Every structure is written in C-alpha cells, then in structure tokens.
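All of the numbers you see were taken from the coordinates with simple rules; none came from a lab. As the structure is a computational prediction, the values presented were derived from the model and not from experiment. Counting neighbours? That spans all protein chains shown, and the Cβs are built from the backbone with ideal geometry, glycine included.
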Amino acid sequence: MAPGLDDLYRDIILDHYRNPRNRGRLDAPDIATQGANPLCGDEIEVSLVFEDGRVADVRFEGRGCSISQASASMMTEGIKGKSVEDVRELVSSFKEMMSGSFEPDEEEFGDLEALQGVRKYPVRIKCALLCWNTLLEGIDIFEHAKRHAEASA
C-alpha cells in the first residue's frame, strides 16, 4: 500500500470515528445484539429493522477504540438496503479482506476498504471485526427465531 494511501485510509477511519453514521438505537428493532471484546474493552450494540426481506434501517451504539467504532459506522452504511443473504456475503468478504485473502473492489466496498490497513496490526483486527461478528450473531438468532415461529404455526 502506498504511503499516500495510508494517510487517506487513516483520514476515512478518523472521519467515521468522529462523525459516526447511524449511531443510536432503534425503537422497535427486529434484531438487537450486543458484543464485546474484553481484551480491549470495546463494546457494541447493533440493531436492525427489516422490510420486505431487506435491511430497512440499522443503528449501532457503543464505545471503544477508533477502529471498532469506525468499522461499525462503515458497516451500517454498507448493509442498508441489502438482503440477509447479501449481508452475509458482505460479512464474509470483509472477513476475508481482514485476513488478507481478498482484495476488495473499491466500488463494492467503498469506505470499508480503508480498514484493510488494520491488517498491519493483527491485535487490532478483532476491533474491526467486533461489529461484524455481533451483526452475524444477531442475524443467526433472528433467523432461528423466525424458523421456530414458522414451525410452530
């Protein structure tokens, strides 16, 4: 990665940290899940509302380092309007990018691409992944409850 690119990525991460998108809680979410990284103290809550099988709204609330909070802000922007299947694909691609086994397409990934610089600091990768893992946990719980309700009906 070119030195100028490092600066640009750092600026994008700091912008999302200082001016988080979609911060807050939803009044009546379909999913509300909490996650924490006890090693560094990062905490996150992700809440979503679905409409017609797509993410209609998403919010996050939390505290922690700039990486965890910026990642949550970028994630919320990246999943709005997507189906659960598309969200799962994005989570998978993001995790692959963070492991170094995937180079993102700038158009598809947008600001999320900035987080690939975190790979240089392996201990910080968990910070970037916290919200994504919390999101997946929430989707798994939601889908399990949905299947259970359908089976009971």
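Residue-wise test of (1) basic (K, R); (2) touching a residue at least 24 places away in the same chain (Cβ under 8 Å); (3) within 15 Å of T134 (Cβ to Cβ).
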site: D11; (1), (2), (3): no, no, no
site: H16; (1), (2), (3): no, yes, no
site: S71; (1), (2), (3): no, yes, yes
site: G78; (1), (2), (3): no, yes, yes
site: L90; (1), (2), (3): no, no, yes
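When you check D105 against the structure, is it free of Cβ contacts under 8 Å to residues at least 12 places away in the same chain and more than 22 Å from Y9 (Cα to Cα), yes or no? No, not satisfied. May I ask you to verify whether I67 is over 20 Å from A128 (Cα atoms), touching a helix residue (DSSP H, G or I) at 6+ places or on another chain (Cβ under 6 Å) and not polar (S, T, N, Q)? So I67 does not fit the description; no. Among the residues of the range 77-94, not a single one is under 16 Å from C40 (Cβ atoms), under 11 Å from the mean Cα position of the chain (by Cα) and of a type outside the set (A, V, I, L, M, F, W, C).
When you scan the range 123-153, how many residues do you find that are part of a helix (DSSP H, G or I), surrounded by fewer than 15 Cβ atoms within 10 Å (Cβ to Cβ) and among the aliphatic types (A, V, I, L, M)?
5
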